[in-house]
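**Q** Could you have a look at this structure, given as structure tokens, before my questions?
The values are calculated or read from the model by the stated rules, or taken from the named source; none is laboratory data. Treat the numbers as computed from the prediction; the structure is a model and nothing was measured. Neighbour counts run over all protein chains shown; Cβ positions are idealised from the backbone, glycine included. For the accessible areas, the whole protein counts, side chains as well, though only heavy atoms, and no ligand, DNA or RNA atoms are used. Shrake-Rupley method; radii C 1.70, N 1.55, O 1.52, S 1.80 Å.
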Amino acid sequence: ALAILIFEAQLDHLFDVPWAVYPLVAVGIAIIVGFPRVNAVVPAPLVAIVALTAFTLIAAVNVPEVGDEGELPDSLPAWFVPDVPFSMETLEIIAPYALAMALVGILESLLTAKLVDDITDTHSDKTREAMGQGAANVITGFFGGMGGCAMIGQTMINVKVSGARTRISTFLAGVFLLVLVVGFGDVVALIPMAALVAVMIMVSVATFDWHSIQPSTLRRMPKSETTVMVSTVVVTVLTHNLAIGVGVGGDRRAVLRLQQRPLHPVRVRRGPRPRRRGPVGLPHLGRLHRRGARRDRHQVRAARHRGRDHRAQRGQRRAARPADGGAAVARGTRLFATSSQKQVGLV
């Protein structure tokens, strides 16, 4: 659902635009796909943005630019207190919007963190992420900023394309964004929107879980799970609200779990708990030690039986040898002459 929403947001920049936008988007996608095969050090999206920006400036191609979307700030934010009446009436007005934004923001951040955990095969502290996001949103309000959350598009570029793995990448992303917007706002305003559309389309493709819609996966998955997936995607895309989609998916899953419960409860008979103590006071330690000792004794006995059988078979082979020792020596000589491994075997 997130991948579809990201792709759908780019459609506004692909309709009622000059024809030059479409080849620029195609070239940008080709650079993002093909450049990592040539050089994996430099991020391909950065190369696409720089190349397309340079081409539009040199060729004087008239296409929508970042500056057409709005004016960029040219100074650092300043501390101030919002000029609103601090009353219950104000709280009643802003509380529903604040709750909705907080819910959507924390859900998208947690989903992004889970996606990053799956990609990097690591585990992140979700409580710490939520507390950090909440503190940042409270503090940024005193600088005139808007509430924010984890951006799945920028995160995918940072993790999958750029190969970021530590918090330094997050810090540097904020620093570079601040420098670009405040210090080089005029240059950023010249970036064609076609380059950013190409980057976000590839982010959408990378975000989409293609394995979940493969026929082989759908055949193995229960119909209830497929129903939850489809209903969640449809509601999220139609409402453009991640919170509603996640809520519908969770409610649907809970209903299916209730429907799958057995009709009659299973009775479990509980007897008195036996006292289990080991030789040093640790539970089960003594029993495990005795069990291991018995297992070792059984293995030793089995090895002795195998050795006894082997000696008996060797005695039978010796008794079956011919009386003429010359033939035996000759046969042994031929064996000795074959390889050194068989020499060791005969010895």
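**Q** Identify the residue in segment 228-240 that is surrounded by 15 or more Cβ atoms within 10 Å (Cβ to Cβ) and among the polar types (S, T, N, Q) and, among all such residues, is farthest from the chain's Cα centre (by Cα).
**A** The selected residue is 231.
**Q** So in segment 1-42, with the set limited to residues that are under 23 Å from the mean Cα position of the chain (by Cα) and open to solvent by less than 40 Å² (accessible area, probe 1.4 Å), which one is farthest from residue 111 (Cα to Cα)?
**A** 32
**Q** Same structure again: Looking at segment 50-86, which of the residues that are of a type in the set (A, V, I, L, M) and in contact with a Phe, Trp or Tyr (Cβ under 8 Å, 6 or more places away or on another chain) is least open to solvent (accessible area, probe 1.4 Å)?
**A** Selected residue: 61.
**Q** Looking at segment 3-39 only, could you name the residues that are closer than 18 Å to residue 192 by Cα and among the polar types (S, T, N, Q)?
**A** Listed by number, the list holds a single entry, 10.
**Q** Same structure again: Considering only residues that are under 22 Å from residue 2 (Cα atoms) and among the β-branched types (Val, Ile, Thr), look in segment 87-106 and name the one that is modelled with the highest pLDDT.
**A** For segment 87-106, the residue satisfying everything is 106.
**Q** With respect to residue 266, determine if the residue is of a type in the set (A, V, I, L, M), out of contact with any strand residue (DSSP E or B) (no Cβ under 9 Å at 6 or more places or on another chain) and modelled with pLDDT under 90.
**A** Judged against the criteria, residue 266 is a match.
**Q** Restricting the search to segment 111-164, which residues are open to solvent by 50 Å² or more (accessible area, probe 1.4 Å) and under 28 Å from residue 40 (Cβ atoms)?
**A** Correct list: 111, 114, 118, 119, 121, 122, 123, 151, 154, 160, 161, 162.
**Q** Here is a further query. Can you name the residue in segment 210-227 that is β-branched (Val, Ile, Thr) and within 22 Å of the chain's Cα centre (by Cα) and is also most open to solvent (accessible area, probe 1.4 Å) among such residues?
**A** Looking at the filtered set, the residue picked out is 213.
**Q** Another question, then. Of the residues that make up segment 108-128, is at least one free of Cβ contacts under 8 Å to residues at least 12 places away in the same chain, more than 30 Å from residue 18 (Cα to Cα) and either touching an Asp or Glu at 6+ places or on another chain (Cβ under 8 Å) or aliphatic (A, V, I, L, M) (or both)?
**A** Checking segment 108-128: at least one residue is free of Cβ contacts under 8 Å to residues at least 12 places away in the same chain, more than 30 Å from residue 18 (Cα to Cα) and either touching an Asp or Glu at 6+ places or on another chain (Cβ under 8 Å) or aliphatic (A, V, I, L, M) (or both).
**Q** Can you name the residue in segment 107-137 that is within 16 Å of residue 170 (Cα to Cα) and in a loop (DSSP other than H, G, I, E, B) and, of all such residues, is modelled with the highest pLDDT?
**A** 125
Here is a yes/no grid of residues against (1) among the polar types (S, T, N, Q); (2) outside any loop (DSSP other than H, G, I, E, B); (3) closer than 30 Å to residue 191 by Cα:
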| residue | (1), (2), (3) |
| --- | --- |
| 50 | no, yes, yes |
| 58 | no, yes, yes |
| 63 | no, no, yes |
| 68 | no, yes, yes |
| 99 | no, yes, no |
| 103 | no, yes, no |
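**Q** Can you find a residue that is among the hydrophobic types (A, V, I, L, M, F, W, C), open to solvent by 50 Å² or more (accessible area, probe 1.4 Å), touching a residue at least 12 places away in the same chain (Cβ under 8 Å) and not in a helix (DSSP H, G or I) anywhere in segment 192-202?
**A** no
**Q** How many of the residues in segment 124-138 are over 16 Å from residue 107 (Cβ atoms) and either of a type in the set (Lys, Arg) or touching a Phe, Trp or Tyr at 6+ places or on another chain (Cβ under 6 Å) (or both)?
**A** Counting residues in segment 124-138 that are over 16 Å from residue 107 (Cβ atoms) and either of a type in the set (Lys, Arg) or touching a Phe, Trp or Tyr at 6+ places or on another chain (Cβ under 6 Å) (or both) gives 1.
**Q** Sticking with this structure for a sec: List the residue pairs whose Cβ atoms are under 9 Å apart, where the first residue sits in segment 207-219 and is assigned to a loop (DSSP other than H, G, I, E, B), the second is open to solvent by 80 Å² or more (accessible area, probe 1.4 Å), and the two are 6 or more positions apart or on different chains.
**A** 208/7
**Q** Could you say whether any residue in segment 31-46 is out of contact with any helix residue (DSSP H, G or I) (no Cβ under 6 Å at 6 or more places or on another chain), aliphatic (A, V, I, L, M) and closer than 18 Å to residue 66 by Cβ?
**A** To start, the set of residues in segment 31-46 that are out of contact with any helix residue (DSSP H, G or I) (no Cβ under 6 Å at 6 or more places or on another chain) comprises 33-34, 37-42, 46.
Among the residues that remain, those that are also aliphatic (A, V, I, L, M) are: 33, 38, 40-42, 46.
Filter once more, keeping what is closer than 18 Å to residue 66 by Cβ: 46.
So far as segment 31-46 goes, yes, one or more of its residues are out of contact with any helix residue (DSSP H, G or I) (no Cβ under 6 Å at 6 or more places or on another chain), aliphatic (A, V, I, L, M) and closer than 18 Å to residue 66 by Cβ.
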